[in-house]
Structure formats: C-alpha cells, structure tokens
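What follows is one structure encoded as structure tokens, with my remarks underneath.
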Amino acid sequence: MAHVNILTEYYPPDLAATGQYMCQLAEDISEAGWDVSVVTAMPSYVDNIPAPRKEVLNGVKVKRVFPGWLTRRSRTTRIIRLLAFPCLAMFHSLFGQKSSVNLVVSNPPTLPIAALLLKYVQRKPYVYLIHDVYPEIAAELGVLRKNSAVFRLWHFLHRKILSGASVVIVLGRCMKDVVVENYFPDRPEPNIAVLPNWADGRLIFPETRKSAGDDATAPGFVVQFSGNIGMFHEIETILAAAVTLRSRQDIVFEFVGDGANRGWAE
C-alpha cells in the first residue's frame, strides 16, 4: 500500500487552523486507500491540551515528537521551535515507516528544509503546501531587510525547496504570482497547483444567534472577527472601526481567536 507521511507542526487536538486542515486532508487521503502517518508536535497553540505521544486517529498514525510546554509565546521559544522541530521531524521520518511521498506545510517556515533533505537521503518525492511565502512576508513586516545576509540565504534555500518539490500547492492565484515573480521570473517554474483552503459545510453553516448560543439580549448587530490573531494578520482595520463606532450601543465587535498579537489587540 502506498504511504504518505505528513510533516506539520500542528495537528488535533491542537486548535490551530493548519492542524485542522491537515487532519481533514490526512483522513481523506486515508479513506482513499493510502497508508497515512503524521509527524507533528505536542499541542501548543492553546496551553494544557493533553495528547499521547503516539496514537491512531481515524486511521491516521500520529506521532508527536516535540514538547508542548515550549510554546510560541516568546521570541526565544519561537526561535527554538523553528530550529528544533524540523530536525526532530526529519529524524523520526527518516527512521520511521518508509513513505512513498512526504507532504510538508510551510509553517513553521524551516520545516520544508526537512522535506528537501529527506528527498536527498531517502530519494522520496515531496509535495510542498504553502500557507505563507517566506522570507518575503518577514521582509514586508519589517522583520528582515531584503539586502540582509539572512534574507538572501533564506531566499536561496526557499528556491531550492520550491524547485525540489514534485508539486507546489498555493492557496490562490495571487500567491502563485508572488512565488513565480520572486523565484522564477526568468526560468521554468515548478509544477504549481492552486488549491484554496476549504470548509466542511456539514460542520460550518449559518445559524441564528440563539441556536449558536449567543446572548439573545445582546445588541442587534454583531461584527465578528474569527481566526488567528497573529503577526501576519491585518486586524488594525477592524480595531480602528471598533474605536470609531465605540459610541454606538447597537453595535458590538466580537473577537474569537488567539495568536501572537492577541495581547496587543486586547
């Protein structure tokens, strides 16, 4: 039986969106007849969620190789995770069940390096799923300068990762344009597939506020932000709107989510 090995930092019971998508994808691949394994970290997106080191979830073999207590709450621990988790994921993939193909996601941005090295060592292809385009997004945020040595090295490695993938999956045509313009303006581009993130209509559908559990006595109009409140997510506009409309008692702004910028937003 063909076997696919998925490398992802997040996987349920962790609540991060990436983990939810990877879980749905893994289970669908398993239902299609593939043998599926996942190498991931212990839950860390929300603290104190217990999970075993090894388990089988809906036919998917899950191995958690990184401690959950080392969260992303500080810059130091984020850097440690960036460096350590890809090494552990590569080690366990190398000495674990032999796969036909590896599937790797772009967060953390150092993780695809593990898939590239596994290709050289195991002679196994990999599929690269991009959620964020690094290091360009770091430069746009002012974290890196485009003329810095770190940016140039990272850009060089990312081109190797893109070129080495059997298939590169991006979330939309604009992301594909960014990849092509920044990495393949004058050379043949790799096999790039556009696959937007999906939603399960059986689980996510419109409800009345009462059936959804909201306070029926709350004001009549609710503006809700639901999702990741991270470094790369533009929430300044909705916060500015909330400030502008704070005198309106008939409008409530509601934020549901977590992330690196939650403290700043609060």
Given points 7 Å out from each Cα along the Cα-Cβ axis, report the Ala241 to Trp198 separation in nanometres with one decimal. 2.9 nm
Which whole-Hz couplings ³J(HN,Hα) result when phi for each residue of the range 193-198 is put into the Karplus expression 6.51 cos²θ - 1.76 cosθ + 1.60, θ = phi - 60°, listed in order with x for Gly and Pro? 10, 9, 9, x, 4, 10
Roughly to the nearest percent, how much of the accessible area of the range 1-136 is carbon and sulfur, given a 1.4 Å probe? 62 percent
How would Thr76, Thr18 line up by accessible area, probe 1.4 Å, largest first? Thr76, Thr18
For a paramagnetic label modelled at 7 Å from the Cα of Trp264 toward its Cβ, which residues of the range 6-44 fall within the zone defined by backbone nitrogen distances under 15 Å? none
Taking every DSSP beta bridge that has both residues in the chain, what percent is antiparallel when rounded to the nearest 5? 10 percent
Explain nothing, just the number: dipole magnitude of the chain about its Cα centre with +1 on each Lys and Arg Cβ and -1 on each Asp and Glu Cβ, in debye rounded to the nearest 20. 1120 debye
May I ask you to compute the full-extension gain from Ala17 to Glu189, defined as 0.36 nm times their residue separation minus their alpha-carbon distance, rounded to one decimal in nm? 59.1 nm
Of the residues Val180, Ser100, Val121, the Cα lying farthest along the dipole of the chain towards its positive end, which is defined by charges on the beta carbon of Lys, Arg, Asp and Glu, belongs to Val121
Any idea how far apart Gln122 and Cys174 come out in nm if each label point goes 7 Å out from Cα toward Cβ? 3.5 nm
Hey, what number do you get for the chain at 222 nm if only DSSP H runs of n ≥ 4 count, each worth -39500 (n - 2.57), divided across all residues, to the nearest 500? -11000 deg cm²/dmol
Nearest-10 value in Å² for the accessible area of Trp154, using the 1.4 Å probe: 70 Å²
Once Leu195, Leu203 are ranked on solvent-accessible area with the largest value leading and a 1.4 Å probe, the list reads Leu203, Leu195
From the phi angles alone, apply the Karplus equation (6.51, -1.76, 1.60; θ = phi - 60°) to the range 94-104 and give each ³J(HN,Hα) in whole Hz, x where the residue is Gly or Pro. 5, 9, x, 5, 5, 9, 7, 7, 9, 10, 10
GNM on the chain, C-alpha springs below 10 Å: top fluctuator among Gln249, Gln20, Gln224? Gln249
Go through Lys119/Lys146; Lys63/Lys119; Lys61/Lys98; Lys61/Lys176; Lys119/Lys160; Lys61/Lys160 and tell me which ones have a Cα-Cα distance over 23 Å in this structure. Lys119/Lys146; Lys61/Lys176; Lys61/Lys160
What accessible area per residue, rounded to a whole number of Å², is obtained for the chain using a probe radius of 1.4 Å? 56 Å²
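Gain in length, Leu83 to Asn58, computed as 0.36 nm per residue apart minus the alpha-carbon separation, to one decimal in nm? Before the final figure, lay out the partial values.
Numbers: separation 25, 0.36 × 25 = 9.00 nm, distance 3.03 nm.
Between Leu83 and Asn58, full extension yields 6.0 nm more.
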What do you get for the angle between helix 173-183 and the principal long axis of the chain? Use alpha-carbon atoms, 0 to 90 degrees, nearest ten. 50 degrees
Once you sort the root eigenvalues of the Cα gyration tensor of the range 42-151 as a ≥ b ≥ c, which label holds: rounded (a/c under 1.5), prolate (a/b larger than b/c) or oblate (the other case)? oblate
Calculate log10 I(q)/I(0) of the chain for q = 0.08, 0.09 Å⁻¹, where I(q) comes from the Debye formula with a single equal point scatterer on each Cα and nothing for solvent. -0.38, -0.48
Taking 8 Å as the Cα distance limit and 6 or more residues as the minimum spacing, I'd like the relative contact order of the range 84-154 as a percentage. 27 percent
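The values are calculated or read from the model by the stated rules, or taken from the named source; none is laboratory data. Just so you know, these numbers come straight off a predicted model, no measurement behind them. Here the Cβ is made from the backbone with ideal geometry for all residues, glycine too, and neighbour counts use every protein chain on show. Ligands, DNA and RNA are stripped out before the accessible areas are found, and what is left, the full protein with its side chains, is counted by its heavy atoms. Shrake-Rupley method; radii C 1.70, N 1.55, O 1.52, S 1.80 Å.
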